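Working notes, structure below.
Values in this text are rule-based calculations from the coordinates and carry no lab data. Because the structure is a prediction, the values reported are computed rather than measured. Heads up, the Cβs are rebuilt from the backbone with ideal geometry, glycines too, and the neighbour counts pull from every protein chain shown.
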Amino acid sequence: MTPDGDEADANTVSERTTERAPSDDPETRGRPTGSATMSTVTDTQPTATDPGRTTSGGTGERVFRGLTTGSGLVVVAAIALIGLFLVVQAVPSLLANNANFLTSPEFVTTDAANLRFGIRDLLVVTLLSSLMALVIAMPIGMGIALFLTQYTPPRLAQPFSYVIGLLAAVPSIVFGLWGILVLAPAIEPFAAFLQTYLGWFFLFAPGNLPVLTGTIFTGGIVLAIMILPIITATTREVFAQTPRFQVEAAQALGATRWEVIRMAVLPYGRSGFIAASMLGLGRALGETIAVLLVIRAATSPSTGSLFDGGYTFASLIASAASEFSQPLPTGAYISAGLVLFVLTFVVNAIARVVAGGKVNG
Amino acid sequence: MAKRLDLKDVDIYYGDFHAVQNVNLSVPPRSVTSFIGPSGCGKSTVLRTLNRMHEEIPGARVEGQIQLDGEDIYARGSDAVAVRRTIGMVFQRPNPFPTMSIRDNVVAGLKLQGVRDKKKLDEVCEASLRGANLWKEVSGRLDKPGGGLSGGQQQRLCIARAIAVQPDVLLMDEPCSALDPISTLAIEDLIGDLKKDYTIVIVTHNMQQAARVSDQTAFFNLEATGKPGHLVEIDDTEKIFSNPTERETEDYISGRFG
């Protein structure tokens with residue numbers, strides 16, 4: 001036995017005891033020890049329903065309820081006010097816009113009298129980089145979650161989860177620096193390989209950048225690493241909650257580890273996994289500084305390739321933040337922010353619907 | 001089909017905790033053997049060692065021999081997954097796969113064994129559901145999820161799932177404890193039918209049930225909490241409930257037990 005064995009065994013033993021508890025047979029219920037417990041319970045009950053205590057707590061109760069309701073309302077009010085702020089600031093600029101807001105690839109705000117801005121490229125770059133991140137992070141996140149819940153003994157799974165958690169604690173700017181200085185040159189040969197052999201496919205076609213570093217492709221990988229902890233943490237929690245009786249149903253039929261996962265764990269955790277991925281997507285859509293550092297600005301419009309450069313909603317706004325002086329040009333960026341706000345809102349709403357209220361993240 | 005089980009000097013441990021001590025008993029084929037005894041006496045633990053399900057708890061181990069028609073299921077080279085494919089189990093709480101249809105639930109074990117022939121699967125599905133006395137109730141909605149059935153129907157679905165693979169032995173861990181009396185009666189009748197073809201071991205808290213369904217009864221007890229459980233005696237059910245050899249057994253079945 002290993003030194004940690006005792007603790008683990010104590011757990012399993014107590015687990016088994018609680019499992020049996022509800023099925024206590026009538027014979028044992030009538031035992032002397034049983035009736036002793038009953039009388040203790042009745043003794044304590046009058047104190048709990050002591051009428052003096054409930055009435056004297058009246059004022060405190062009201063104050064407390066007021067405080068908690070108030071804090072709840074603050075959140076709702078904050079979101080409503082942010083939305084209102086974005087709309088109010090965006091509308092004048094949208095009215096003064098000389099280009100089509102939805103379809104134009106331009107974003108020219110230097111001349112306040114002739115604003116020309118559209119979100120087409122922003123939307124393309126944002127979605128391409130975030131979806132690529134999702135495509136990479138979803139299988140890896142599920143793999144890690146399965147590894148942690150199904151294959152690793154609990155005493156190893158715990159420290160491993162902490163390491164994953166640490167990944168979430170690394171500041172965005174560090175990811176950005178690493179992405180452009182280390183990752184981008186390192187994956188350049190791979191990017192070149194993809195472009196040479198899969199260039200006929202629009203995602204791998206030559207983009208609007210003269211180089212293969214600092215593309216959406218690089219940004220997508222950086223984002224994938226950044227959202228991995230979010231997906232892993234939530235998915236792990238859901239998988240770990242798979243009911244024992246479901247797992248046992250599969251085991252008793254002679255299912256192997258993988259078959260147990262397929263028959264019991266995945267059907268149970270599927271919605272939680274999708275919700276976790278949507279939370280990760282929300283994070284990727286809004287990620288700013290790492291994307292700003294990694295994805296290079298492009299001079300020509302986006303081609304829909306992963307080897308494009310350009311701006312996402314968030315990185316464009318951040319890049320222009322130092323020039324927010326005149327209301328109309330600023331409003332152009334705020335309208336871009338409004339679209340991002342709505343986009344993340346929709347993604348989160350989908351996550352919640354899919355999860356059926358099971359996820360609290 | 002319907003093999004014999006022999007337990008020889010079986011000791012069961014959870015890590016350092018000695019859960020069950022020195023069990024020797026035999027379960028003849030095509031019969032029902034019930035395990036009775038107070039909570040914590042290890043009867044469920046013994047049952048779970050019979051298809052190596054207890055191994056899923058970290059630190060659990062078995063000493064001694066458990067033989068299926070003379071072959072030790074714990075022998076080196078014997079695989080827990082393979083053992084469970086020949087020794088079926090029905091649990092305390094009905095546990096159909098909630099997302100699978102009734103049909104898929106029944107044939108889940110066969111699919112694990114690689115049977116893909118749809119005609120064969122449909123045949124086994126019908127035969128198993130008939131065997132579990134559930135066919136008439138569900139034949140019109142085989143594609144509906146198994147989770148939509150009543151508790152008693154779900155438990156019979158689980159029995160159908162267990163017998164679909166034609167196991168050598170069928171283990172039942174308090175199969176009626178979550179069911180109402182009418183469903184319980186249905187399951188008990190079913191056990192009576194099934195013993196024509198299967199070797200059945202059932203753990204029950206209900207002594208009347210043991211008396212009604214089983215051919216032989218094993219009484220387990222423990223000296224005190226924290227002490228290992230042990231087999232007090234095993235004998236024909238009639239003898240256990242009318243004239244047991246051990247005083248302990250008599251105290252327990254007559255309700256004098258502490």
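Miscellaneous remarks
- Stretchable slack from A:Arg257 to A:Asp111, in nm (0.36 nm times residue separation minus alpha-carbon distance): 46.1 nm
- Between the C-alpha center of segment A:94-117 and that of segment B:180-258 there is a gap of 84 Å.
- In terms of overall dimensions, the C-alpha atoms belonging to the protein assembly as shown reach 105, 74, 55 Å along their principal axes, ordered largest to smallest.
- When +1 charges are put on Lys and Arg Cβ atoms and -1 charges on Asp and Glu Cβ atoms, the dipole computed for segment A:94-355 relative to its Cα centre reaches about 680 debye.
- Result for chain B in a Gaussian network model with C-alpha springs under 10 Å: among B:Pro58, B:Pro167, B:Pro145, the largest mean-square fluctuation is at B:Pro58.
- Full-extension gain in nm, B:Glu123 to B:Glu246, via 0.36 nm per residue minus C-alpha separation: 39.5 nm
- Taking segment A:94-355 and dividing mean pair separation by its residue count, relative contact order in percent (alpha carbons under 8 Å, at least six apart): 28 percent
- Overall form of segment A:94-355 per C-alpha gyration tensor (a/c, 1.5; a/b vs b/c): prolate
- Placing R0 at 30 angstrom, the Cβ-Cβ distance between A:Phe345 and A:Leu95 gives a FRET efficiency of 0.80 after rounding to 0.05.
- A straight chain from B:Asp9 to B:Asp189 at 0.36 nm per residue would run longer than the Cα-Cα distance by 61.5 nm.
- If R0 is 60 Å, the Cβ-Cβ spacing of A:Ala297 and A:Thr68 corresponds to a FRET efficiency of close to 0.80.
- Non-local lysine pairs in the protein assembly as shown, meaning eight or more places apart or on different chains, with alpha-carbon distances under 18 Å, amount to 8.
- Helical segments meeting 15 Å axial Cα length and Kyte-Doolittle 0.5 threshold in chain B (DSSP H): B:102-112, B:181-194
- Between segment A:183-231 and segment B:1-41, the Cα center-to-center distance that results, in Å: 61 Å
- Cβ-Cβ distance of A:Leu328 and A:Leu84, R₀ of 25 Å, FRET efficiency by 1/(1 + (r/R0)^6): the value works out to about 0.85.
- Segment B:68-118 versus segment A:118-158: alpha-carbon centroid distance in Å: 34 Å
- With a simple spin-label model that places each label point 7 Å from the Cα along the Cα-to-Cβ direction, the separation between B:Glu223 and A:Phe160 comes to 4.2 nm.
- Peptide-level mean, for A:253-263, of C-beta atoms on other protein chains within 10 Å: 5
- Along the axis of the charge dipole computed for the protein assembly as shown (Cβ charges of +1 for Lys and Arg, -1 for Asp and Glu, origin at the Cα centre), the listed residues A:Trp258, A:Ala184, A:Ser93 are led at the positive end by A:Ser93.
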